[in-house]
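One structure is given below, encoded as structure tokens.
The values are calculated or read from the model by the stated rules, or taken from the named source; none is laboratory data. Remember, it's a predicted structure, so these values are computed and weren't measured experimentally. Methodologically, a virtual Cβ is constructed for each residue, glycine included, from the backbone with ideal geometry; neighbour enumeration extends over all protein chains shown. Note: areas computed on protein heavy atoms with side chains; ligands, DNA, RNA excluded. Shrake-Rupley method; radii C 1.70, N 1.55, O 1.52, S 1.80 Å.
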Amino acid sequence: IDFLLICPDGLFVLEVKGGRVSRADGVWLHTDRYGGVSRKHESPFDQASSAMFALERELRQSLQDIRMTDVLFGYGVVFPDVEYASIGCEDDSALVYDARDHREPFRSYVTRLSEFTRSRQSRHCRSIDPNEIQLISDVLRGDFDLQPFPELELDEARRQIADLTAEQRAVLDSSESASRLMIEGPAGSGKTILAMEAARREARKGRRVLFLCFNRLLAARIRGDLRIESYAGKIDVETFSGHCRTLVEKSSLSDQFKTESEGVADEQLYKTLLPEYAAMAAMERTAAPYDCLIIDEAQDILSPGLMDLLGEEVLDGCANGRWRMFLDSNNQASVYGAFDHAELERFERATEKRADLTLNCRNTKQIAIQTNIVSEPTNRAPALVPGPPVDFRKYRSDTQCRKQLEGVVAELQAEGIANGRVSILLARLPDAELEASLVEQGIRRLEESDVGKLGTAAMHDLTWSTVSAFKGLENDIVVLVGVQDIEKGWWRGITYVGMSRARVRLVVVVHSKCDAKREERFARELERRMGAQEMIT
């Protein structure tokens, strides 16, 4: 049926034949505006009549609440572009609307069609009231709103994001000959993916590789990803502090370090004491140095004396040996507070080639834009893949913060999102009340054995982590909880890292006292984009 007209007079099937119309040897020819010709042995009147009877049978079966036996069913044929004068025994002029009818309201044709159809009925046909018209319309073409399955939306966004890795591969390809390579890029630019690929390429050539990062959970993820392939060489993945401790424990300084480290605060222990002892212990090495050094998230490791320490670990030292360093010296350096600009300058002087990553291949556009607005990082990379808006949930007290988290978790579970595709990130370690709430909701702390299951349905539980412990990792959906400040350096760093962990969907539970600063930064970003004629979501 081309058009079905439902009105108080009845239901009328309209067959429309635009363009040129002809009939030759009983075959109907219809020529459209582009010269295309269709041939039909059945006349348009027969087509409309057949469709009308089929519709009448269907509605009588489907609509038991309406007395359809005395409702008028009719049909007509519309030739909008020609004057149809070839009336034969199979049709009647009352059924036809053609170019001549343009001069009159369309209602005139409907009245003519209705009167002609009634004249052919042996039974009385009643009018249809508005409620019945609505019921008929609902049965034939009712309203609906079909939402895509959340899992499918996540998968599609992930697929599009994964396609954006050509730039990263090109950077590595063009830098293959450089012995000492420094690659910088903001969160989401693919530094860790590139670092792992660099390690694979080195190991495939038979080289022994030491891969260092800061986070225990990130090291577990990298170790699991690199373990999939067998190599001619070898890759050892360790956290920086773990590697330092191993060096010390295997040296003659082990007992002395244990004695001196007793009662020392963690910050001093890991920032100063352990690296100093590790540097001395490295000089006692008995095993051969590594052929290549890979450092991921180097801004978290760059502390005074690092070059001297690692120089003992790699063949020919850091000044002349082979290494690849990946870092974000502008945006993420404040999270752990260990970043040392003087040490970065030492590595820069030894660098043979430097490259910058300029494309965000982790986050959707909405997440990248809002992360930039809230945290105002120095270095930014544009994202290209669209996604849902960032969801900000406000709170004024710790109790409200917990309630907001409970509400978000309930909504995600109602959507049927797999637990492994959701990560709950806390700005700080939970207090007793929040920890009890997490336990009550069945949300446990993320462990090393879990990181390989992030983003999959293989993990049965919802998990939480602090932002700092989750650094370097990512997931499809992130719920960032407990943002209390977006002005101080540490808070901006934590907010930046936490928000940028989300690939597709992001919920931020933020204190309402941050509203004014968020609005101020939004206005500034909007002004900047208007000047550059960019859209903002």
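On the given criteria, is Leu302 closer than 18 Å to His243 by Cα, surrounded by 21 or more Cβ atoms within 10 Å (Cβ to Cβ) and in contact with a strand residue (DSSP E or B) (Cβ under 9 Å, 6 or more places away or on another chain)?
When the stated conditions are applied, Leu302 passes them.
Step by step: first the residues of region 444-455, then only those that are of a type outside the set (Asp, Glu) and crowded, with 20+ Cβ neighbours inside 10 Å, then the one that is modelled with the highest pLDDT. Which residue is that?
The qualifying residue modelled with the highest pLDDT is Leu446.
All but one of (1) of a type in the set (A, V, I, L, M); (2) more than 30 Å from Val504 (Cα to Cα); (3) under 41 Å from the mean Cα position of the chain (by Cα); (4) surrounded by fewer than 15 Cβ atoms within 10 Å (Cβ to Cβ) hold for Leu146, so report the exception by its number.
If we test Leu146 against (1) of a type in the set (A, V, I, L, M); (2) more than 30 Å from Val504 (Cα to Cα); (3) under 41 Å from the mean Cα position of the chain (by Cα); (4) surrounded by fewer than 15 Cβ atoms within 10 Å (Cβ to Cβ), just (2) comes out false.
Of all residues in region 93-125, how many are within 15 Å of Leu14 (Cβ to Cβ) and not hydroxyl-bearing (Ser, Thr, Tyr)?
11
Taking region 419-443 only, how many residues are more than 20 Å from Ser397 (Cβ to Cβ) and open to solvent by 20 Å² or more (accessible area, probe 1.4 Å)?
Residues that pass the stated criteria total 3.
With the condition being surrounded by 22 or more Cβ atoms within 10 Å (Cβ to Cβ), I'd like the strands (runs of 3 or more DSSP E) fully within region 316-413 carrying at least 3 qualifying residues.
Answer list for region 316-413: 323-327.
Within the bounds of region 223-236, is there any residue that is more than 14 Å from Glu276 (Cα to Cα), open to solvent by less than 30 Å² (accessible area, probe 1.4 Å) and of a type in the set (Ser, Thr, Tyr)?
no
Report yes if Thr466 is hydroxyl-bearing (Ser, Thr, Tyr) and either open to solvent by less than 40 Å² (accessible area, probe 1.4 Å) or at positive phi (or both), otherwise no.
In short, yes.
Could you say which residue among Ser179, Ser137 is hydroxyl-bearing (Ser, Thr, Tyr), surrounded by fewer than 19 Cβ atoms within 10 Å (Cβ to Cβ), in contact (Cβ under 8 Å) with a residue 60 or more places away in the chain and within 22 Å of Phe53 (Cα to Cα)?
Exactly one residue qualifies, and that residue is Ser137.
Restricting to region 244-290, and then to whatever is within 30 Å of Ala187 (Cβ to Cβ) and of a type in the set (Asp, Glu), can you tell me which residue is most open to solvent (accessible area, probe 1.4 Å)?
Here the residue is Glu267.
What pairs come out if I take residues in region 93-107 that are under 20 Å from Gly19 (Cβ atoms) and without any contact (Cβ under 8 Å) to a residue 24 or more places away in the chain and pair them with residues that are among the polar types (S, T, N, Q) and assigned to a helix (DSSP H, G or I) whose C-beta lies under 8 Å away, six or more apart or interchain?
Hits for this filter: Asp101/Ser108.
Going through region 50-90 one residue at a time, which ones are touching a Leu at 6+ places or on another chain (Cβ under 9 Å), in a loop (DSSP other than H, G, I, E, B) and farther than 20 Å from Gly142 by Cα?
Leu72, the sole residue that qualifies.
Which condition number in (1) more than 21 Å from Gln366 (Cβ to Cβ); (2) small (Gly, Ala, Ser); (3) surrounded by 13 or more Cβ atoms within 10 Å (Cβ to Cβ) is the one that Ala458 fails?
(3)
Within region 192-217, restricting attention to residues that are charged (D, E, K, R) and not in a loop (DSSP other than H, G, I, E, B), which residue is nearest to the chain's Cα centre (by Cα)?
Glu197
Identify all residues within region 155-205 that are modelled with pLDDT under 85 and touching a Ser or Thr at 6+ places or on another chain (Cβ under 8 Å); write none if there are none.
Within region 155-205, Ala157, Ile161, Glu167, Gln168 qualify.
Being within 23 Å of Gln121 (Cβ to Cβ), of a type in the set (Ser, Thr, Tyr) and open to solvent by 40 Å² or more (accessible area, probe 1.4 Å) is true for just one of Ser49, Ser62, Ser43. Which residue is that?
Within the list Ser49, Ser62, Ser43, the selection yields Ser62.
Filter region 224-255 down to the residues that are in a loop (DSSP other than H, G, I, E, B) and either on the phi > 0 side of the Ramachandran plot or among the small types (Gly, Ala, Ser) (or both) and list them by number.
Scanning region 224-255 gives Ser230, Ala232, Gly233, Ser251, Ser252.
For region 1-40, please list each of the strands (runs of 3 or more DSSP E) lying entirely inside it that holds at least 1 residues being touching a residue at least 60 places away in the same chain (Cβ under 8 Å) and of a type outside the set (Val, Ile, Thr).
3-7, 10-16, 20-24
Here are some residues: Leu72, Leu55. Which one is at pLDDT 90 or above and either more than 51 Å from the chain's Cα centre (by Cα) or polar (S, T, N, Q) (or both)?
Leu72
Consider region 354-373. How many of its residues are out of contact with any Ser or Thr (no Cβ under 6 Å at 6 or more places or on another chain) and within 19 Å of Lys517 (Cα to Cα)?
Counting residues in region 354-373 that are out of contact with any Ser or Thr (no Cβ under 6 Å at 6 or more places or on another chain) and within 19 Å of Lys517 (Cα to Cα) gives 6.
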